[in-house]
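The values are calculated or read from the model by the stated rules, or taken from the named source; none is laboratory data. All values derive from a computational prediction rather than experimental measurement. Cβ coordinates were reconstructed from backbone atoms using ideal geometry, including for glycine residues, and neighbour counts include every protein chain displayed. Just so you know, the surface numbers come from the protein's heavy atoms only, side chains and all, with ligands and any DNA or RNA stripped out. Shrake-Rupley method; radii C 1.70, N 1.55, O 1.52, S 1.80 Å.
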Amino acid sequence: MTSILVVEDEADLRDMLSESLEQAGYDTRTAGTVSEARRKIENSTPDLVLLDWMLPDASGLQWLRQIRRMSKFTNLPVIMLTARGEIDDRVSGLDSGADDYLVKPFSLKELHARIRSQLRKHNDVMQQERVELGGIILEIDTHRVMAGAHEIRLAPTEFRLLKHFMTHSDRVYSRGQLLDAVWGHQIFIEERTVDVHIRRLRKALESVGKADLIQTVRGAGYRMSTRSG
Ligand code: CA
């Protein structure tokens, strides 16, 4: 059974969400604070988290940043719930590792559609042997990268970087997050090393006219997307 953790401090909204998700057949758990959410997520990892932005004990975003650094939660789908007027919430939410966001008030129909879409995307990524994005095909087992009939030759670091971007498309990653995800926590490397490898990756993609897929997000980091910057 697919499980969803709802982290929301407004009791009425929390109850409504939880009831609607139960009715749709999800195993639903709830938390009203970040500390409660932390306990629940560590007991058992849900398949998806709905995360409110403003919570009484901490911000949902800060917590999201923390859990994204733990490898078991790196790929956990998270949809942020934000109130209107929280400045730049879309950008900061996606910067912090949210997969999608909904602005309150939202319709339940919209919520369910977004949940289905994230779960589908997640399952695809987990089961895939090859990932396709914007005309680039990356074969996970053979480490081959193709654009049409052309093979793109990449050094191991650029391959891992591209794989990370392709399996987490549209999400913005800071240099620090990329270091954690691609190089691993144990290695001490300066953040500007990331820029060097991004440049090499872009250059390799440029040979097939696809350099635009790797986008710089000013003040935030990098993302890979088929949408324009
Ligand atoms: Ca709230």
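Taking the Cα atoms only, what angle lies between the long axis of helix 34-43 and the longest principal axis of the chain, rounded to 10 degrees?
The angle comes out at about 70 degrees.
Quick one: net charge of residue 108's neighbours, Cβ under 11 Å, K/R +1, D/E -1?
Once positives and negatives cancel, what remains is 0.
Identify, among 13, 173, 136, the residue whose Cα sits farthest towards the positive end of the charge dipole of the chain, taking +1 on the Cβ of Lys and Arg and -1 on the Cβ of Asp and Glu, with the dipole about the Cα centre.
Result: 136, furthest along the dipole toward the positive end.
Return one quarter of the surface area of the convex hull spanned by the alpha-carbon atoms of the chain, equal to its mean projected area, in nm².
Averaged projected area of the chain's Cα convex hull equals 13.1 nm².
Relative to the present Cα-Cα distance, how much length would full extension add between residue 190 and residue 149 at 0.36 nm per residue of separation?
Length gained, residue 190 through residue 149: 11.2 nm.
What GluC sites (Glu not before Pro) does the range 140-229 have in DSSP loop regions with at most 11 other beta carbons within 10 Å?
The qualifying sites are 190.
Charges on Cβ only, +1 for Lys and Arg, -1 for Asp and Glu, centred on the Cα centroid of the chain; of 194, 150, 25, which one is farthest towards the dipole's positive end?
Comparing the listed Cα positions along the dipole, 150 ranks first.
Rounding to the nearest 20 debye, state how big the charge dipole of the chain is about its Cα centre with +1 on each Lys and Arg Cβ and -1 on each Asp and Glu Cβ.
It comes to approximately 900 debye.
So what's the angle, to the nearest 10 degrees on a 0 to 90 scale, between helix 156-167 and the longest Cα principal axis of the chain?
40 degrees
Given 4 °C and 1.567 mPa s, compute D for the range 152-229 with the Stokes-Einstein relation, Rh being the Kirkwood radius over Cα pairs; round to the nearest whole µm²/s.
Approximately 104 µm²/s, per Stokes-Einstein.
Antiparallel versus total DSSP beta bridges in the range 3-126: what percent is that, nearest 5?
In the range 3-126, approximately 5 percent of DSSP beta bridges are antiparallel ones.
I'd like the orientation of helix 192-206 relative to the chain: the angle between its Cα long axis and the longest Cα principal axis, in ° from 0 to 90, rounded to 10.
Taking Cα atoms only, the helix is inclined about 70 degrees.
Could you give the dipole magnitude of the range 130-224 about its Cα centre, charging the beta-carbon of Lys and Arg +1 and that of Asp and Glu -1, in debye to the nearest 20?
160 debye
What accessible area per residue, rounded to a whole number of Å², is obtained for the chain using a probe radius of 1.4 Å?
The answer is 52 Å² per residue.
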